[in-house]
Amino acid sequence: MTKPILLICGSMKPPLKKKTPSAAREFLKIVQQGIHKAGGKTQFIDLRDMQLPFFDGREKIAEYKNKDLLGIQKAIHGSGIVIISVPAYWGGPSGVVKNLIDLLGGPRYRKNVEEPSIKGKIIGFIIVGDTEGSAQSASVSIKNAISSQGGIALSNSIVIGNPHGVKNLSELTKKLYMYGKSLWLIAQRVKKI
């Protein structure tokens with residue numbers, strides 16, 4: 001049986017009392033639709049709804065005694081592929097996404113502690129920036145962080161400059177939808193390896 005694809009939304013938008021949708025969240029939902037259309041299963045985690053601690057160098061994730069963090073760790077362990085929507089700010093990934101990556105990999109940094117993390121996991125990204133350059137820089141940064149922890153960063157992640165400047169939204173929507181469908185095909189192949 002093919003494991004579900006875990007979708008993690010790394011956007012904290014919109015601010016309280018605002019209804020402006022987050023591009024990173026909306027794009028991830030389109031990918032989810034593509035996965036479902038291909039017959040796949042997903043689990044959706046929105047970091048906006050989580051109360052994650054800040055990484056402070058603890059040797060084991062359990063030491064944080066944080067149910068949201070433990071839930072994310074369990075979901076990653078039970079997934080076939082992980083896709084993270086990453087807002088890009090000032091040439092890097094959003095702080096909430098970077099903090100999550102630090103929390104998950106932190107135990108391995110100091111003492112090479114082996115506990116369920118992103119090691120060996122296939123991870124893809126939808127990176128949304130305010131400019132193409134900012135999104136590309138964030139893509140390099142987050143892929144390096146994942147790879148340094150033993151994760152396998154998908155080369156075909158989607159990088160989007162300013163979403164308000166997209167000239168053909170229907171073309172982008174189709175690209176995201178097809179990306180979702182292709183992810184399910186990848187997940188099915190991974191299960192056989």
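Annotations for the structure displayed:
- Pairing residues of region 13-41 that are in contact (Cβ under 8 Å) with a residue 40 or more places away in the chain with residues that are among the basic types (Lys, Arg) and assigned to a loop (DSSP other than H, G, I, E, B), at Cβ distances under 9 Å and at least 6 apart in sequence or on separate chains, gives 22/13; 23/13; 24/13; 25/13; 35/41.
Table: residues versus (1) in contact with an Asp or Glu (Cβ under 7 Å, 6 or more places away or on another chain); (2) of a type in the set (Ser, Thr, Tyr); (3) more than 17 Å from residue 118 (Cβ to Cβ).
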position	(1), (2), (3)
3	no, no, no
8	no, no, no
32	no, no, yes
40	no, no, yes
51	yes, no, yes
78	no, no, no
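- Exactly one residue among 57, 71 is assigned to a helix (DSSP H, G or I) and more than 14 Å from the chain's Cα centre (by Cα), and that residue is 71.
- Any chance residue 44 is open to solvent by less than 50 Å² (accessible area, probe 1.4 Å), closer than 19 Å to residue 158 by Cα and among the aromatic types (Phe, Trp, Tyr): no
- Pair list, Cβ under 8 Å, 6 or more apart: region 55-79 residue over 22 Å from residue 152 (Cα atoms), other residue at pLDDT 90 or above and among the aromatic types (Phe, Trp, Tyr): 58/64
- Answer from 7, 16 - the residue that is within 25 Å of residue 162 (Cα to Cα), aliphatic (A, V, I, L, M) and exposed (fewer than 15 other Cβ atoms within 10 Å of the Cβ): 16
- Subset of region 155-176 (residues that are in a loop (DSSP other than H, G, I, E, B) and closer than 24 Å to residue 143 by Cβ): 155, 156, 157, 161, 162, 166
- The sole residue among 57, 71 that is modelled with pLDDT under 95 and open to solvent by less than 90 Å² (accessible area, probe 1.4 Å) is 57.
- Which listed residue, of 128, 159, is open to solvent by less than 50 Å² (accessible area, probe 1.4 Å) and free of Cβ contacts under 8 Å to residues at least 40 places away in the same chain: 159
- Pairs where the first residue, in region 132-155, is over 20 Å from residue 121 (Cα atoms) and the second is surrounded by fewer than 13 Cβ atoms within 10 Å (Cβ to Cβ), C-beta under 7 Å, 6+ apart: 134/90
- Within region 74-107, if we keep just the residues that are more than 22 Å from residue 180 (Cα to Cα) and in a strand (DSSP E or B), the residue that is least open to solvent (accessible area, probe 1.4 Å) turns out to be 92.
- For region 26-45, the candidate set comprises residues that are more than 12 Å from residue 83 (Cα to Cα) and not in a loop (DSSP other than H, G, I, E, B); within that set, the residue that is farthest from the chain's Cα centre (by Cα) is 37.
The values are calculated or read from the model by the stated rules, or taken from the named source; none is laboratory data. Keep in mind that what you see is a predicted model, and the values were worked out from it rather than measured. Glycine also receives a Cβ, built like all others from the backbone with ideal geometry; neighbour counts cover every protein chain displayed. Please note that ligands, DNA and RNA were not included when accessible areas were found on the heavy atoms of the full protein model with its side chains. Shrake-Rupley method; radii C 1.70, N 1.55, O 1.52, S 1.80 Å.
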